[in-house]
Amino acid sequence: MQIETNNLCKVVDGKYLVKDISLKFDSGKIYGIVGQNGSGKTVLFKLLLGLMNKTSGEIWIDGEVQKGFMKNVGFIIERPNLIPYYSAYNNLKFISSYKGKTDKNKINKALELVGLSPKEKKKVKNYSLGMKQKVAIAMAIVDDPKILILDEPLNTVDDASVKKIREIILTYKKRDRIILIASHYKDDIDCLCDEVYEMKDGEII
């Protein structure tokens, strides 16, 4: 699989949030996108996912122009978007059923991989920030997507769990997935990424 962008731009109120981004992402690699807050990392991810409409340019998936929301993708964008009065299991069940792919074994496995119990009944509104982030990671991987787009995936996660989640990400790389990561943590970028791109003022520098 390959994702390619050609002169991708997003303009809001006359200001470029993303400008002339031309990149290629191939299966079996992890790509890091780094830069200060406001540099355009999250906007770029939203454009790729189809969560935000581009102003100009093109996005290609396996040689075909992307239309609408990206398929076969798991993602984390900004804060975890969880249903607060559901348990972790029911959050994953909801997102899977929305895609028509409910599978109890996959849900259990995804939660166990990130160190959470599928049997835990506590509502996620009562979880710590780190535990909510683990639920978000489990939601991203539950349907075994071919593409992972992760915006600050290890933000607020406790040190003991960081190694485990890095191993999950590296396992997906070995399974020939495309993985994009934005992170402020240099260690995450250094130990995970095959290629790293820096953004500033919406451009790749």
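The values are calculated or read from the model by the stated rules, or taken from the named source; none is laboratory data. Quantities reported herein were computed from a predicted structural model and do not represent experimental measurements. Reconstructed Cβ throughout: ideal geometry from the backbone, glycine too, with neighbour counts over all protein chains shown. Surface areas here come from the heavy atoms of the whole protein model, side chains and all, with no ligands, DNA or RNA. Shrake-Rupley method; radii C 1.70, N 1.55, O 1.52, S 1.80 Å.
Okay, here's what the table says:
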| item | result |
| --- | --- |
| Accessible surface of the chain [probe 1.4 Å, protein heavy atoms]: carbon and sulfur percent | 46 percent |
| Anchor LYS123: lysines whose Cα lies under 26 Å away (excluding residues fewer than 8 positions away in-chain) | LYS93, LYS99, LYS101, LYS104, LYS106, LYS109, LYS132, LYS134, LYS163, LYS164 |
| Relative contact order of the range 64-170, defined on C-alpha pairs under 8 angstrom at six or more residues apart (%) | 38 percent |
| Cβ-Cβ FRET estimate between ASP144 and ASP13, R0 fixed at 30 Å, reported to 0.05 | 0.15 |
| Gain on full stretching of the segment that runs from SER117 to PHE69 - 0.36 nm per residue minus C-alpha separation | 14.2 nm |
| Rg/Rh ratio calculated on Cα atoms of the chain (Kirkwood radius) | 0.96 |
| Kirkwood Rh and Cα Rg combined as Rg/Rh, the range 1-100 | 1.01 |
| Within the chain, helix-based [θ] at 222 nm, where runs of 4 or more DSSP H residues each add -39,500 (n - 2.57), nearest 500 | -9500 deg cm²/dmol |
| Residues of the chain: accessible area per residue with a 1.4 Å probe, Å² | 54 Å² |
| Solvent-accessible ranking of ARG175, ARG79, largest area first, probe 1.4 Å | ARG79, ARG175 |
| Length released on extending from LYS24 to ILE205, taking residue separation times 0.36 nm less the Cα-Cα span | 63.6 nm |
| Where GluC sites (Glu not before Pro) fall in DSSP loop in the range 1-85, at most 12 other Cβ within 10 Å | GLU78 |
| In Å², nearest 10: area of SER97 left accessible to a 1.4 Å probe | 60 Å² |
| Degrees separating the helix 129-141 axis from the principal Cα axis of the chain, which is the longest one | 70 degrees |
| FRET efficiency, 1/(1 + (r/R0)^6) with R0 22 Å, evaluated for MET1 and THR55 via beta carbons | 0.30 |
